[in-house]
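Data block below; observations after.
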Amino acid sequence: MEQNEKASFYEEFVVFSRKTPISHSQEQFTLLAPNHEIALVMAQENFIRRESVCDIWVVKRSDIRMMNPEERETLKRIDNKNYRTTKGYGYLARIWRKADQGMLDEKEILSWSKGRVKR
């Protein structure tokens, strides 16, 4: 086989895994394989010798789509959207403190009754 025939025969696969059923998937490594089935077997062989995992995924590198520079521009935040972050709610502690200081307790409310309410 010539070099360019080998290049077209093997495809690059990205291997993802999870350590537990509730953990997040994590990219582990890439490998070259002729198809998905062999890529999965090769990934399993790698993990048998290394760490234990509960799940493995193999994805063709060509099937993973990245954002182009124009699309990345849409991710930039607009400056006037502080209310969408938790930092934007910092003023609430101050408001609650003021409200708490102005709260009426039971003794104060009962003092208004001037003896009309029996305990």
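Of the residues making up the range 27-78, those that are among the polar types (S, T, N, Q), modelled with pLDDT of 90 or more and within 12 Å of V15 (Cα to Cα) are Q28, T30, Q44.
Here is a yes/no grid of residues against (1) exposed (fewer than 12 other Cβ atoms within 10 Å of the Cβ); (2) within 28 Å of the chain's Cα centre (by Cα); (3) not in a loop (DSSP other than H, G, I, E, B); (4) not aliphatic (A, V, I, L, M):
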site	(1), (2), (3), (4)
S8	yes, no, yes, yes
E12	no, yes, yes, yes
T30	no, yes, yes, yes
V53	no, yes, no, no
S62	yes, yes, yes, yes
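For the range 79-119, filtering for residues that are modelled with pLDDT under 70, part of a helix (DSSP H, G or I) and among the polar types (S, T, N, Q) leaves 3.
The values are calculated or read from the model by the stated rules, or taken from the named source; none is laboratory data. All values derive from a computational prediction rather than experimental measurement. Here Cβ is always computed from backbone atoms with ideal geometry, including for glycine, and neighbour counts include all displayed protein chains.
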